[in-house]
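Here it is, the structure in full.
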Amino acid sequence: MRLELTRRYALAASHRLHSPHFDEAENERIYGKCNNPYGHGHNYIVEVTVTGKVDPSTGMIAHLDDLDGYVAREIIEPFDHMYLNKDVEAFRDRVPTTENVCVEIFERLRRFPGARLVRIRLEETGRNSFEYAGRRDGGKDD
Amino acid sequence: MVHVTRKIEFSAAHRYHNPAFSAEENRRIFGKCNNPNGHGHNYVLEVTVGGEADPLTGMVLDLKELKEILEREIMDRMDHRFLNYEVPELADQIPTCENIASLIWKLLAPKIKKGRLTRVRLWESPDLYVDCYGDGTP
């Protein structure tokens, strides 16, 4: 049986979309409201999907306490109630679009020892969501 | 291929307990879920059938038929039941979301004659679900 387990986590954070590759006017044209210099925030939902064999003694692919603990340490603690651009090192020189946040979360969770990470689905709002399942060759993104 | 998904809800109780472990180990591994009297969830089940639409009816399968299969195979068996004691297929297993989703797949796959069961998604709560794809890939 091929099974995947998905857990949903909530996190609230602010960001500003602004690229040093463009001038002020272009940033404003490309990112619109999201370019507001003071930033703005979202209630993100992170869906973490893992797969693996079901341990017959527990009936589980991964123990939820282990997954919750790992996600809390790697994602919730460093991201929740933070300004992503300034408070998360990875976004000092990378625009924290939800695409980039989604990839960053995947890279941070790929070493979860309890099961194999399949994909991250990140909801920015109830209307926008992004999914990342890693590179096809299993390598790390540049 | 077109995928058709039908959603149903059932409420059931369960308890996580492995008789091979000591009482203390059971409590440590399963935590609150080891409560001897059990606890329950409102499960939400999404069943997806894939196939080509029949040119005469425009349907992959008759949803009324799928509704009846779900009623007979899932609702009658699991709704308002204590899964450990009242669903014989789960008697020797821990009734986790993983094991219940696998069982649902095994119960439904042979009953669906038009189209092919492609996914069983079982929500235990709004922040946890398991997808079962049988032996295939998503």
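The values are calculated or read from the model by the stated rules, or taken from the named source; none is laboratory data. Being a predicted model, the structure only gives us computed values, none of them experimental. Here the Cβ positions follow ideal geometry from the backbone for every residue, glycine too, while neighbour counts run over all protein chains shown.
Every residue in segment B:91-104 that is surrounded by 15 or more Cβ atoms within 10 Å (Cβ to Cβ) and among the hydrophobic types (A, V, I, L, M, F, W, C), please.
The answer is B:ILE94, B:CYS97, B:ILE100, B:ALA101, B:LEU103, B:ILE104.
Show me the helices (runs of 4 or more DSSP H) entirely contained within segment A:53-142 in which 3 or more residues are surrounded by fewer than 16 Cβ atoms within 10 Å (Cβ to Cβ).
A:64-71
Can you tell me which residue within segment B:72-89, out of those that are in contact (Cβ under 8 Å) with a residue 40 or more places away in the chain and surrounded by 13 or more Cβ atoms within 10 Å (Cβ to Cβ), is nearest to B:ILE112 (Cα to Cα)?
Among residues in segment B:72-89 that are in contact (Cβ under 8 Å) with a residue 40 or more places away in the chain and surrounded by 13 or more Cβ atoms within 10 Å (Cβ to Cβ), the one nearest to B:ILE112 (Cα to Cα) is B:ILE74.
Can you work out which of the residues in segment A:12-52 that are part of a helix (DSSP H, G or I) and loosely packed, with under 12 Cβ neighbours inside 10 Å is farthest from the other protein chains (Cβ to nearest Cβ)?
A:ALA25
Additional query: Starting from segment A:108-135, keep only residues that are closer than 30 Å to A:GLY59 by Cβ, then list their pairs with residues that are basic (Lys, Arg) and part of a loop (DSSP other than H, G, I, E, B) whose Cβ atoms are within a distance under 6 Å, requiring at least 6 positions of separation or different chains.
A:LEU117/A:ARG110
Would you pick out the residues in segment B:105-138 that are within 11 Å of another protein chain (Cβ to nearest Cβ), over 12 Å from B:TYR43 (Cα atoms), modelled with pLDDT of 95 or more and buried (at least 16 other Cβ atoms within 10 Å of the Cβ)?
Selection gives B:TRP105, B:ARG119, B:VAL120, B:ASP131, B:CYS132, B:TYR133.
Inspect segment A:70-77 for any residue being within 14 Å of chain B (Cβ to nearest Cβ) and under 27 Å from B:GLU25 (Cβ atoms) and give the result as yes or no.
yes
Show me the helices (runs of 4 or more DSSP H) found entirely inside segment B:8-122 where at least 1 residues are within 18 Å of the chain's Cα centre (by Cα).
B:63-70, B:83-86, B:97-108
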